[in-house]
Each structure stands twice: as structure tokens, then as C-alpha cells.
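Chemist: Before I ask anything, here is the structure I am working with.
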Amino acid sequence: MSRVSRPHLLLGVVLFVLIAAWPVAKFLLLFPQDQWQVDVQVYREGGISVLQGRDIYAQMTQPPQLLPFTYPPIAAFLSIPLAFVPFPVAAWGWTITQLLANVAITWIAWYRLRERVGVWAPVLVGVVAAGFLWTQPVGDGIRFAQVNAFLVLICLLDLQRPRARWLAKVPPGVLVGMAMAIKLTPGVFVIHYLLGRRWREAGWAIGTATFVSLAAWAVLPQASFAFWGGALSDPTRLGPNDGSANQAFRATLLRRGLDGAELTLAWAPWLLVMGAIVFWVAHRAHRQGDWVAEAGAVGLAGFLLSPVSWVHHLHWTMVIVPAILGWAVLRAQPDWRRVGAAAVVIAWFVCTMPFWGVLWKREGRHPRWFGDLLIEGNVIGSVVVLALLAWAVRRTGRELASGEVTPALRPARTTHTTVAAGD
């Protein structure tokens, strides 16, 4: 049992506040009002639509954004509490909850290094959780008031082994199903379960998502018909598919001028190759007992295979980085290759390459192709992350085979912590 002292806990909180201060202030105090917390405005409008009986999928947010509600009906139902408070209160509350979710993600996903540092665990968690706010995927979650932090946390809790005590009686797959009912992208976990013949987890995920969706259908029948009968199959509702903000490979092809059958023929090999690689990595991580790498790989699949992928969908980098570090953090000597690989992921997404590329082209700089390359920075980055994660999982396999990492070095369960008055 590890004891966490109040001084270390206080230091962790102070460092979290100091490191997180600039990203939070930039997006909540200094950002233009017409772009302020636009996604939580979408959620809030969905909740208002439910209360007022408006057509959820016809309603738009205020100009100049004019954003539609794009989530399943149950998400609008869950957004009702946002409708009972003023928009600024909802936005600030959403941000604070996101920050807490990021702390929880770090506490869970970084458990190996957390156990290594002992009483300094709160300091580690505070620094890491706040540090990731400086990366584009996590920072954009604060910028737009996105939902990804909550989805990552829900799916991570479902894959955590051993499960948290309060989840012990919840069958694996149920939380993934709940996340999938709110937003469809966690459905990649069901694909992972089916490919691995993990029928029980797949069944619980599909069953939970179906039950929640049918319950929403009973409460919101018109909205359910509108979503499942049309809004779901219209990717243009998510914004311009060929814009630089869309960092899916399909968007890269659209920016090259491909369309129709030509687009499909060019995109299909990418789906097959990337899908085969990323699900192989996830399957191998599962076989190794590394649920952190497994969760990170499947989460990355959602970004790689989706027709529309915004950079904040890569919130999974908070899980992928500790997955790359692996069990080697429990050894006496650091594995500098793993540390270097993890640093590459963080450094890549601290940079805002697509934004730089847009500026490069707007200012007419040469060579023009370099601006185009920068615009595809996160597309390329997702492949780099996959390559590094695949390398880390293969390295773990060699370490297990050679005995460099033994079952004795794998913590049998997450450490239960208590708060003590002193050191």
C-alpha cells in the first residue's frame, strides 16, 4: 500500500494549476467570443431542443459558427443539465470537469510510473496532466469544450485490469457500449473485440449501446428517426470535409482533388492496411497483458479509420505515451529509446503543423509543397504514432521473452492510496 502525503498532494495541485494556467487562460479568457467554447454551446442547444421540443438536428448555434448537433439523441438528452444554467456557467463547468477527467486519465494510464515514484505520485500526475494541455489534441479539447476526455476516461476504465473496485460487478464492455451510444467512434473497440473473438465483451458493448439507443428512441422518437435515418450518414454536417482541420486520410485525398469512385478506390487500401496494423498492435498488446497499450492502439484506430478526424480525437495520446514507455519504467535503469520515442509523440503534437501550413500558403511562401506537407502534419503524425506504438509493443514482446520484464514486475493491481498528515 502506498501512502500519499498531504504536502506531495498540495505540491501536485500547485504545479497542475501553474502549468495549466496559460492554456486554460488562453482559451477561456483571451479567445475571441465568437469562437468561445463552441462545442459545449452545441451540447447545450441540444439539451434546450429536448426541453422545448425543437428539431434537434435542424437547430444551429448562433452565427458565425452555425454548428449543428451531430451526436446520437441520447447525447442531447444527457445535455439537458447544461440548459438549466447560463452558457458561461456551463462552459466553465465543462472545462473544470474536463481538467478533472484528464487528471483521472493520467492517474489510470500512468499507473506504472506512478507506482515507481511512490509518494511523489500526485506531483507526477499533476505535472503530466497539465503538461498535456500544451499539446494540440488535449489543448483543443479545452479550446472547443469537447467531449473526448470523458470518452477516453470511460473506455480506459472499461479496459483497466484489474478493474477498479467500484466497477468490479460491471461486465467488461458495458462502459464502451455507453461511450458508443454517446458518440459512435468508440465503436472501434467492438471491432477489436470481434477480431479477437472476445464475444462476451463485444456482446456487452453492443447490447449496452443498443439498449441505450432504444431507450432514447422511446423518449425522443422523432430525433432518433432524424439521426439514424439521415444525419448519421451525412459527413458534411461535421464541417467541410476537405478543410485543413480535418486530419483524416480521406481529407488528404479530398484536398488532392479526388472524389466519387476515385476517392473510394484510393481510401480503401489505407483502411485495410492501417486497420490491419493497428488492430494487430492492439491484439498483441492484449496478449501481453498490457491494457494501456491495447486501449491506446484501439483509440488511435478511431482517428486513423474515420472519414472525419479532428486533432482533438487524438486525446488518446495521453494513453499512448505511457504505453510506449511500457513496463520498462519499473526497471532501475531508464530505457532511453522508449523515452525518446515518447518524447517524439509529445513534441510532434506540441507543434501545430496544419495551422503553420495554412499560414505558409496564405502568405505565398515557397516551396508551396512544404505548406501542403505541413497541412497534413497530423495525418502524418498519426502514422508516426502508430509506428512508434507498434515498435514499443514488439519491444515489450522481446523483453517478456528474454526475461528483462517479468510477471513479478507487473503490478498485480492499481495501488490503493491513502492521505497521510506527513511524509
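Chemist: Express the carbon and sulfur contribution to the solvent-accessible surface of segment 123-226 as a percent, rounded to the nearest whole number, probe 1.4 angstrom.
Modeler: Looking at segment 123-226 in its full context, I get 73 percent from C and S.
Chemist: Which residue, GLU404, GLU363, GLU201, tops the fluctuation ranking in a GNM of the chain built on C-alpha contacts under 10 Å?
Modeler: Sorting by GNM fluctuation, first place goes to GLU363.
Chemist: For SER5, what residues show an amide H to amide H distance below 5 Å, using hydrogens built from the backbone and excluding near sequence neighbours?
Modeler: Hits under the 5 Å cutoff: ALA420.
Chemist: So, one more: Using alpha carbon centroids, what distance separates segment 146-214 and segment 49-123, in Å?
Modeler: Result: 18 Å between the Cα centres.
Chemist: Hey, if you put +1 on the Cβ of every Lys and Arg and -1 on every Asp and Glu Cβ in segment 42-163, which of GLY118, ASN148, TRP92 ends up farthest toward the positive end of that dipole?
Modeler: Among GLY118, ASN148, TRP92, the one farthest towards the positive end of the dipole of segment 42-163 is GLY118.
Chemist: Taking all protein chains as present, what is the carbon and sulfur share of the accessible area of segment 251-293, in % to the nearest whole number, probe 1.4 Å?
Modeler: Here it works out to 67 percent.
Chemist: Check every DSSP H run in the chain and write down those whose alpha carbon atoms cover 24 angstrom or more along the long axis and whose mean Kyte-Doolittle hydropathy is -0.5 or greater.
Modeler: TM-like helix candidates: 6-28, 87-109, 199-219, 260-287, 377-402.
Chemist: Next question. Near LYS361, which lysines are there with a Cα under 28 Å away, not counting those fewer than 8 places off in the same chain?
Modeler: Those lysines meeting the cut-off are LYS26.
Chemist: Let me ask something additional. Out of HIS366, HIS312, HIS283, any idea which swings most in a Gaussian network model of the chain, alpha carbons joined below 10 Å?
Modeler: Among HIS366, HIS312, HIS283, the largest mean-square fluctuation in the Gaussian network model of the chain belongs to HIS366.
Chemist: Sticking with this structure for a sec: Only helical DSSP H runs with n ≥ 4 go in: add -39500 (n - 2.57) per run for the chain, normalise by residue count and round the 222 nm mean residue ellipticity to 500 deg cm²/dmol. Provide the component values of the computation, followed by the final result.
Modeler: Numbers: 21 runs with 275 residues, N = 423.
-20500 deg cm²/dmol, from helical runs alone.
Chemist: Could you compute how fast the chain diffuses translationally, taking Rh as the Kirkwood radius over C-alpha pairs and applying Stokes-Einstein at 20 °C with viscosity 1.002 mPa s? Give it in µm² per second.
Modeler: Calculated translational D: 95 µm²/s.
Chemist: If you don't mind, another one. Could you give the size of the charge dipole of the chain about its Cα centre, using +1 on the Cβ of each K and R and -1 on the Cβ of each D and E, expressed in debye and rounded to the nearest 20?
Modeler: In total the dipole reaches around 1160 debye.
Chemist: May I pose another question? Would you look at the GNM of the chain, springs on alpha carbons closer than 10 Å, and say which of GLN98, GLN247, GLN65 moves the most?
Modeler: Highest fluctuation of the listed residues: GLN65.
Chemist: If DNA, RNA and ligands are ignored and the probe is 1.4 Å, what is the ranking of LEU214, LEU133, LEU99 by accessible area, most exposed first?
Modeler: In descending accessible area the options line up as LEU214, LEU99, LEU133.
Chemist: How much net charge surrounds VAL170 when only the other residues with a Cβ under 15 Å from the Cβ of VAL170 are counted, with Lys and Arg +1 and Asp and Glu -1? Mind dumping the intermediate values first?
Modeler: On the way: positive: ARG161, ARG163, ARG165, LYS169, ARG200; negative: ASP158, GLU201.
Taking every Cβ under 15 Å from that of VAL170, the sum is +3.
Chemist: What dipole magnitude, in Debye to the nearest 20, does segment 30-152 give about its Cα centre under +1 on Lys/Arg Cβ and -1 on Asp/Glu Cβ? Intermediate results must be reported in sequence, preceding the final value.
Modeler: Details: 6 positive and 6 negative charges, 75 e Å.
So the dipole magnitude of segment 30-152 works out to roughly 360 debye.
Chemist: Still on this structure: Roughly how many Å² is the accessible area per residue of the chain, as a whole number, for a 1.4 Å probe?
Modeler: Values: 19010 Å² over 423 residues.
Normalised by residue count, the accessible surface of the chain is 45 Å².
Chemist: Using a Cα-Cα cut-off of under 19 Å, which aspartates and glutamates could be cross-linked to LYS169, ignoring same-chain neighbours fewer than 8 residues away?
Modeler: Here the aspartates and glutamates satisfying the reach criterion relative to LYS169 are ASP158, GLU201.
The values are calculated or read from the model by the stated rules, or taken from the named source; none is laboratory data. Remember, it's a predicted structure, so these values are computed and weren't measured experimentally. Note: ideal-geometry Cβ built from the backbone for every residue, glycine included; neighbour counts use all protein chains shown. The protein model used for the area step is the full one, side chains on, heavy atoms only, and it has no ligands, DNA or RNA in it. Shrake-Rupley method; radii C 1.70, N 1.55, O 1.52, S 1.80 Å.
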